[in-house]
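The values are calculated or read from the model by the stated rules, or taken from the named source; none is laboratory data. Quick caveat, the model's predicted, so the values are computed rather than measured. Neighbour counts run over all protein chains shown; Cβ positions are idealised from the backbone, glycine included. These area figures cover heavy atoms from the full protein model, side chains too; ligands, DNA and RNA do not enter into them. Shrake-Rupley method; radii C 1.70, N 1.55, O 1.52, S 1.80 Å.
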Amino acid sequence: MDYIVHQLDSKMHYFEILGETRELVNYYRVKVEYALVFVMAYLWNRNIQKIDFDTKEYVITSVVRPSIGTILDIIRKLDVEKEFFSNKKLIKLLNDYPRLRNDKLGHGYVFEDGTRDYLSEIRDISEGIFETPGSLIADNDYDLVVIHKLSEDKYVGLNLSADGKNYSPCFCPIEVLDFELDNVYALDSNGQYFRLSPFIHINKENEFFIYRDIQEKLLGKVR
């Protein structure tokens, strides 16, 4: 998938070995919700101009302070070419996730006697997202690119490799794309860039953030 997912998987492998079920549950939740925000970001920047006015108004209003259920609904509205919601099994798993999250997590606490059941369910959802053929998550690997500055005839930034192993400087000629500074982009195996900002933010190679809400509507300031 991408650098961030591989970093999460490394943490999860560590907690799996130690038998730290509660920590493993938390990391599965983070992994699932990162995937959903990634998909929303990808589809938003790719398709927001392709949907009709009423649908656009709905998703823009909904994204101000979204729940997980709202994020899934926004994805459905933006997935005009069925790049993500193309498999019935995946659709069912994702439809079940908001209920699972609310029922089992509640206020962020999982009772010990329900932790293993929750782990099994959220593992199934994670595997569905990342392994179901036909999904833009399962079928693609992405480098993550953060553009820091424009220097003469090229953009300069940070590249986080899709295999999760390397990070390095990147240099993109201005002819490639009109990049926005301090924005995050996904680079697929075909050499196509897709903007993920403002929904995914990367400070440096080990500081990652996902969208929570719009803090100041008039300024469009994202938290």
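Couple of notes before you dig in:
- Verdict on Val80 being over 17 Å from the mean Cα position of the chain (by Cα) and either open to solvent by 10 Å² or more (accessible area, probe 1.4 Å) or among the β-branched types (Val, Ile, Thr) (or both): yes
- Residue satisfying all of: in region 29-43; among the aromatic types (Phe, Trp, Tyr) and surrounded by 23 or more Cβ atoms within 10 Å (Cβ to Cβ); farthest from Asp96 (Cα to Cα) among these: Tyr42
- Filter result for Tyr97 (open to solvent by less than 20 Å² (accessible area, probe 1.4 Å), farther than 25 Å from Ala186 by Cα, part of a helix (DSSP H, G or I) and not charged (D, E, K, R)): yes
- Tabulated pairs, region 26-47, first assigned to a helix (DSSP H, G or I), second among the charged types (D, E, K, R) and open to solvent by less than 10 Å² (accessible area, probe 1.4 Å), C-beta under 9 angstrom, 6+ apart or interchain: Phe38/Asp2; Val39/Asp79; Leu43/Asp79; Asn47/Asp79
- Scanning region 189-198 for residues that are in contact with a strand residue (DSSP E or B) (Cβ under 7 Å, 6 or more places away or on another chain) and either open to solvent by less than 40 Å² (accessible area, probe 1.4 Å) or on the phi > 0 side of the Ramachandran plot (or both) yields a total of 3.
- Test result for Thr132, over 28 Å from Asn47 (Cα atoms), surrounded by 15 or more Cβ atoms within 10 Å (Cβ to Cβ) and of a type in the set (S, T, N, Q): no
- Within the option set Tyr142, Tyr118, being modelled with pLDDT of 90 or more and of a type in the set (Phe, Trp, Tyr) holds for one residue only, Tyr142.
- Scanning region 147-164 for residues that are open to solvent by 40 Å² or more (accessible area, probe 1.4 Å), out of contact with any helix residue (DSSP H, G or I) (no Cβ under 7 Å at 6 or more places or on another chain) and closer than 20 Å to Asn206 by Cα gives His148, Lys149.
- Among the residues of region 48-61, those that are part of a helix (DSSP H, G or I) and open to solvent by 20 Å² or more (accessible area, probe 1.4 Å) comprise Phe53, Asp54, Thr55, Lys56, Glu57, Tyr58, Ile60, Thr61.
- Taking each residue of region 80-105 that is free of Cβ contacts under 8 Å to residues at least 40 places away in the same chain and looking for partners that are among the polar types (S, T, N, Q) with beta-carbon atoms closer than 8 Å, six or more apart or interchain, yields Val80/Asn47; Glu81/Asn47; Pro98/Ser67.
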